[in-house]
1. Check segment 106-116 and report whether any residue there is buried (at least 17 other Cβ atoms within 10 Å of the Cβ) and modelled with pLDDT of 95 or more.
2. Counting only residues that are open to solvent by 60 Å² or more (accessible area, probe 1.4 Å), of a type in the set (A, V, I, L, M, F, W, C) and under 18 Å from V118 (Cα atoms), how many does segment 33-81 have?
3. For residues in segment 38-51 being outside any strand (DSSP E or B) and modelled with pLDDT of 95 or more, which is nearest to V207 (Cα to Cα)?
4. Could you please let me know if D15 is surrounded by fewer than 10 Cβ atoms within 10 Å (Cβ to Cβ), at pLDDT 95 or above and either part of a helix (DSSP H, G or I) or of a type in the set (D, E, K, R) (or both)?
Amino acid sequence: MNRIKGELPKIVTRDEWLAARKELLTKEKEATRARDALNAERRRLPMVEIDKEYIFEGTDGKASLRDLFDGRSQLIVGHFMFAPDWEQGCSSCSAGADEMSSGHLRHLHARDTSFVYVSLATLAKIERYKERKGWTFPWYSSYGSDFNYDFHVTLDESVTPLVYNYRSKIEHAQVGESIFEGKQPMEMPGRSCFLRDGDRIFHTYSVYARGLEQAGGSYYFLDETALGRQEFWEEPKGRTVAPRGAVPNFLD
């Protein structure tokens, strides 16, 4: 189906295109250097020791946070939105999980890093959904644990003050955001990184909302194309017949 409409890029000669491309390349290199500097600053962040015992449930039974490292020095946890009363996982989280291939996991393991998903749903629901989707990555239930609440991906004012993406309810309201409206508890997306030094475990980084995009995926392939992500907020507007919302679930 042809989804192109509106004003497309200007048609030029190859020489004109090359001149414009080189001009853009200069800006791309600046962005690359800026990203390198930002990554270095991220690596210099201080860290917080985890002194609470979290218990998860996985395919092989009960597991501690240390067990999730699977003997490696680093652990990345994908906070997958899946509430205990849901029958299936979040469609946007599922789209991201679809891209978590065995090759991704092997490459992370080669650099002494484990990756797992964690959800508040019961293990039985997680296992059924995982089998249906054909996924093979490790996925644990944090049901009955404070883990989701402590890392601000399950929001429930009756358990802990509302904070998401490092802003309180009042701070979100001050910038015109109303993400806390709706029924609680609320499930939100995120990703957290941990470091293990012997028996000690440290929280080094967490990212939420659009910051989750920086790990790559289909969005960044689409960013290199003329039609982009084909979402309503992008510029230039009007290039697709039916622009999508800014929800990365990749559903038709």
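1. Yes; the residues of segment 106-116 include at least one that is buried (at least 17 other Cβ atoms within 10 Å of the Cβ) and modelled with pLDDT of 95 or more.
2. So the count comes out to 1.
3. First, pick out the residues of segment 38-51 that are outside any strand (DSSP E or B): 38-47, 50-51.
Those still in the list that are modelled with pLDDT of 95 or more too: 50-51.
Numbers: I50: 17, D51: 21 Å.
Per the criteria, the residue is I50.
4. Numbers: surrounded by fewer than 10 Cβ atoms within 10 Å (Cβ to Cβ): yes; at pLDDT 95 or above: yes; either part of a helix (DSSP H, G or I) or of a type in the set (D, E, K, R) (or both): yes.
Criteria met by D15.
The values are calculated or read from the model by the stated rules, or taken from the named source; none is laboratory data. Since we're looking at a predicted model, the values are computed, not measured. Here the Cβ is made from the backbone with ideal geometry for all residues, glycine too, and neighbour counts use every protein chain on show. Calculation scope for accessible area: heavy atoms of the full protein, side chains included, ligands and nucleic acids excluded. Shrake-Rupley method; radii C 1.70, N 1.55, O 1.52, S 1.80 Å.
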